[in-house]
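So the structure is just underneath, and the comments pick up after that.
The values are calculated or read from the model by the stated rules, or taken from the named source; none is laboratory data. Quick caveat: nothing in here was measured; it's all calculated off a predicted structure. Cβ sites come from the backbone with ideal geometry, for glycine too, and all protein chains shown count toward neighbours. Note: accessible area is taken over every heavy atom of the protein model, side chains too, but ligands, DNA and RNA are not part of it. Shrake-Rupley method; radii C 1.70, N 1.55, O 1.52, S 1.80 Å.
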Amino acid sequence: MNKNLLSLFQICDSGLPTGAFSHSFGLESYIQVDIVKDQKTFFEWLRVYVHDQLIYTDGLVCRLVYEALEQQNFQEIWEWDRMLMVQNLPRETREGTQMIGDRLLKIAQSLYDFPVLALYRDRIDKKKAFAHPSIVFTMIAYGLQVSKEDAILYYLYSASSSLVQNAVRAIPLGQTAGIMITHKFHPELQLAMKKIMQLTENDFGIVSPGLELSQMHHERVNIRIFMS
Amino acid sequence: MTSWTGELSLDLEDRKGKTVARNVFFQGAFKVMRPIYHDDTGKVCYYLLNPGGGYLDGDRYRMKVTANKGAKVTLTTQSATKVYKTPKGYAYQETDIVLEKGSYLEFLPDPLIAYENARYLQKNTIRMESGAIFLYTDILTPGWSPSGKKFSYHTVQLVNKIYFDGKLAVFDHIKLSPGKQDISGLGFMEGYSHIGSMIVIGEQTNAELLDELYEIILSQGADMKYGLSELVISGLSIRILANSTQVIERIIFECRRLIHEKWFGMTPNSLRKY
């Protein structure tokens with residue numbers, strides 16, 4: 001593993017203080033009604049979440065932002081920042097993602113001085129951008145000269161591994177079950193990355209009705225350990 | 001590609017408290033019936049209809065509606081939108097709606113029914129100014145096939161974009177491809193057959209309204225799943241999964257009634273068509 005990949009790997013750590021720890025992105029709604037209750041049902045939920053929501057939003061934008069960075073087309077990046085924000089109709093999920101994006105940017109700026117990070121921060125401060133983790137992550141990966149495919153794959157890994165950690169606590173599952181799920185999920189991440197490479201801009205923002213509705217409904221879940 | 005199977009454009013303005021058409025144009029397989037005034041508020045209601053009875057292979061429909069300053073309008077359809085099988089090219093409909101300051105426009109089409117092997121793409125683009133109010137609903141049914149099999153259509157794709165004072169504020173994209181997805185399963189329709197959506201944008205939106213809408217939906221006591229949430233701008237969206245058009249229509253009607261009562265101080269008429 002080269003040094004730069006190791007640096008990106010640090011950003012994928014689910015222990016990174018981004019606040020992702022506090023967000024289930026609708027998973028908790030399913031846990032409350034006992035639809036997600038064990039290793040098997042959680043795996044299925046994660047599979048749908050990644051293949052039918054994440055690839056069309058964060059995943060696709062990872063790729064498009066990487067390509068925009070290659071062309072130094074910053075305007076396009078700011079447009080995707082807005083797109084990601086306005087397509088996220090469930091308020092908690094939207095605000096949670098924004099918070100995670102903001103914290104990840106703060107962490108990134110403390111570690112790296114890639115100029116685009118400061119540009120993003122400046123726009124956020126001026127309320128011209130919102131902050132999104134997939135955009136910040138891509139900026140770091142690009143700055144570290146990690147390939148586009150790896151950038152996408154590692155982003156997907158990072159997003160899914162923090163959800164596994166959250167599932168382990170919330171369902172709850174044993175730590176071993178968590179490790180098993182993550183391991184079994186590797187081929188799904190590879191597949192998701194390959195799908196993302198084939199998507200076009202017209203595929204942006206496709207949501208699965210059930211997932212989205214559960215993310216909205218989380219606002220009305222009474223006892224909760226997650227903010228989304 | 002400049003030829004349209006059906007084209008319709010409506011330009012509406014407020015004339016001394018009554019909304020009237022400044023310009024009406026339609027051609028091909030798209031028509032609008034005579035304006036109807038359901039009450040004495042000056043709000044006009046237009047029923048859109050598709051004289052062909054349904055959308056066929058490669059059909060392309062375009063609609064443009066402008067609600068000028070202070071205009072108040074209800075747009076609905078005369079019956080369900082039916083999309084028949086499209087072996088060669090998908091059926092397409094695009095709608096552009098402009099709402100100027102102080103206007104109110106509600107677009108309440110009947111359900112969409114996609115037949116076996118139908119492919120359909122719908123794009124709605126709304127451009128509104130602050131101070132306008134927009135209310136939109138749609139209902140997607142599981143379609144229809146001779147064998148009675150549900151979800152036999154190929155693809156239904158619905159895209160809604162709402163620009164508020166020139167900036168994109170809502171992007172809503174649903175694409176159902178039952179052949180490629182476990183459509184009844186977790187994350188998709190979750191055992192239900194119908195999906196309803198409602199988007200409302202208005203400066204008066206607040207937490208109290210969301211709580212009341214939530215109570216109204218709950219009080220229906222129907223077998224359904226729902227979610228509602230505030231948008232980036234002052235407004236909200238609602239999604240409902242249920243097993244019949246009627247359940248979703250009732251919820252939509254009740255939510256719309258509450259909003260009309262709170263924001264306009266009056267109960268809306270039913271849009272009875274049959």
- Any idea which of A:Val48, A:Val33 is closer than 26 Å to A:Arg220 by Cβ, out of contact with any His (no Cβ under 7 Å at 6 or more places or on another chain) and free of Cβ contacts under 8 Å to residues at least 12 places away in the same chain? A:Val33
- Within the range A:188-219, the residues that are closer than 24 Å to B:Ser184 by Cα and either without any contact (Cβ under 8 Å) to a residue 60 or more places away in the chain or out of contact with any helix residue (DSSP H, G or I) (no Cβ under 7 Å at 6 or more places or on another chain) (or both) are A:Leu191, A:Val207, A:Pro209, A:Gly210, A:Glu212, A:Leu213, A:Met216
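Just checking, which of A:Phe226, A:Phe185 is closer than 30 Å to A:Tyr66 by Cα, of a type in the set (Phe, Trp, Tyr) and either within 13 Å of another protein chain (Cβ to nearest Cβ) or crowded, with 16+ Cβ neighbours inside 10 Å (or both)? Step through it out loud before you land on a result.
On the way: A:Phe226 fails: closer than 30 Å to A:Tyr66 by Cα.
Of the residues listed, the single one that is closer than 30 Å to A:Tyr66 by Cα, of a type in the set (Phe, Trp, Tyr) and either within 13 Å of another protein chain (Cβ to nearest Cβ) or crowded, with 16+ Cβ neighbours inside 10 Å (or both) is A:Phe185.
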- Yes/no for B:Lys82 being under 17 Å from B:Leu121 (Cα atoms), at pLDDT below 95 and of a type in the set (D, E, K, R): no
- Message: Name the single residue that is farthest from B:Tyr84 (Cα to Cα) among those in the range B:172-189 being surrounded by fewer than 21 Cβ atoms within 10 Å (Cβ to Cβ) and touching a strand residue (DSSP E or B) at 6+ places or on another chain (Cβ under 6 Å).
- Response: B:His173
- Exclusive hit being at pLDDT below 95 and polar (S, T, N, Q), set B:Ser244, B:Ser270, B:Ser229, B:Ser234: B:Ser270
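Which one of these is part of a loop (DSSP other than H, G, I, E, B), in contact with a Pro (Cβ under 9 Å, 6 or more places away or on another chain) and among the acidic types (Asp, Glu): B:Glu203, B:Glu190, B:Glu249?
When all the criteria are applied, what remains is B:Glu190.
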- Are any residues in the range B:93-106 over 13 Å from the mean Cα position of the chain (by Cα) and either open to solvent by 40 Å² or more (accessible area, probe 1.4 Å) or within 23 Å of B:Gly54 (Cβ to Cβ) (or both), and if so, which ones? B:Val98, B:Glu100, B:Lys101
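What are the residues in the range B:206-225 that are open to solvent by 20 Å² or more (accessible area, probe 1.4 Å) and in a helix (DSSP H, G or I), if any?
First, pick out the residues of the range B:206-225 that are open to solvent by 20 Å² or more (accessible area, probe 1.4 Å): B:206-208, B:211-212, B:214-216, B:218-225.
Matches in the range B:206-225: B:Ala207, B:Glu208, B:Asp211, B:Glu212, B:Tyr214, B:Glu215, B:Ile216, B:Leu218, B:Ser219.
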- Query: Since B:Tyr90 meets every condition but one in (1) farther than 20 Å from B:Thr5 by Cα; (2) among the hydroxyl-bearing types (Ser, Thr, Tyr); (3) buried (at least 19 other Cβ atoms within 10 Å of the Cβ), which condition does it not meet?
  - Reply: (1)
- Item | Within the range A:79-101, considering residues that are farther than 14 Å from A:Gln215 by Cβ and among the aliphatic types (A, V, I, L, M), the one most open to solvent (accessible area, probe 1.4 Å) | A:Met99
- Query: Which members of the range B:144-175 meet the condition of being over 17 Å from the mean Cα position of the chain (by Cα) and at pLDDT 95 or above?
  - Reply: B:Phe151, B:Ser152, B:Tyr153, B:His154, B:Thr155, B:Phe164, B:Asp165, B:Gly166, B:Lys167, B:Leu168, B:Ala169
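Could you list, in sequence order, all residues of the range B:141-155 that are within 14 Å of chain A (Cβ to nearest Cβ) and touching a Gly at 6+ places or on another chain (Cβ under 8 Å)?
Step one: filter the range B:141-155 for residues within 14 Å of chain A (Cβ to nearest Cβ), giving B:141-142, B:151, B:155.
Listed by number, the list holds a single entry, B:Phe151.
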- Task: Test B:Gly187 against the criterion of being closer than 28 Å to B:Ala118 by Cα and small (Gly, Ala, Ser), and give yes or no.
- Result: yes
- Task: Kindly provide the set of residues from the range A:29-70 that are of a type in the set (S, T, N, Q), in a helix (DSSP H, G or I) and within 11 Å of chain B (Cβ to nearest Cβ), ordered by number.
- Result: A:Ser29, A:Thr41
- Message: Name the residue that is nearest to A:Glu219 (Cα to Cα), counting only residues in the range A:80-97 that are more than 10 Å from every other protein chain (Cβ to nearest Cβ), under 14 Å from the mean Cα position of the chain (by Cα) and not acidic (Asp, Glu).
- Response: A:Gly96
- Message: Quick check on my filter: what residues within the range A:112-138 are more than 22 Å from B:Ile162 (Cα to Cα), touching a residue at least 40 places away in the same chain (Cβ under 8 Å) and open to solvent by 30 Å² or more (accessible area, probe 1.4 Å)?
- Response: A:Leu119, A:Arg123
- For the range A:10-56, enumerate the residues that are open to solvent by less than 10 Å² (accessible area, probe 1.4 Å) and among the aromatic types (Phe, Trp, Tyr). A:Tyr30, A:Phe42, A:Trp45
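Give the residues of the range B:140-171 that are under 30 Å from B:Lys101 (Cβ atoms) and either open to solvent by 10 Å² or more (accessible area, probe 1.4 Å) or not in a strand (DSSP E or B) (or both), sorted by residue number. Before the answer, list the steps.
So in the range B:140-171, the residues under 30 Å from B:Lys101 (Cβ atoms) come out as B:158-171.
Answer for the range B:140-171, where residues must be under 30 Å from B:Lys101 (Cβ atoms) and either open to solvent by 10 Å² or more (accessible area, probe 1.4 Å) or not in a strand (DSSP E or B) (or both): B:Leu158, B:Val159, B:Lys161, B:Tyr163, B:Phe164, B:Asp165, B:Gly166, B:Lys167, B:Leu168, B:Phe171.
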- Only one of (1) more than 15 Å from the chain's Cα centre (by Cα); (2) modelled with pLDDT of 95 or more is not met by A:Leu189, so which one is it? (1)
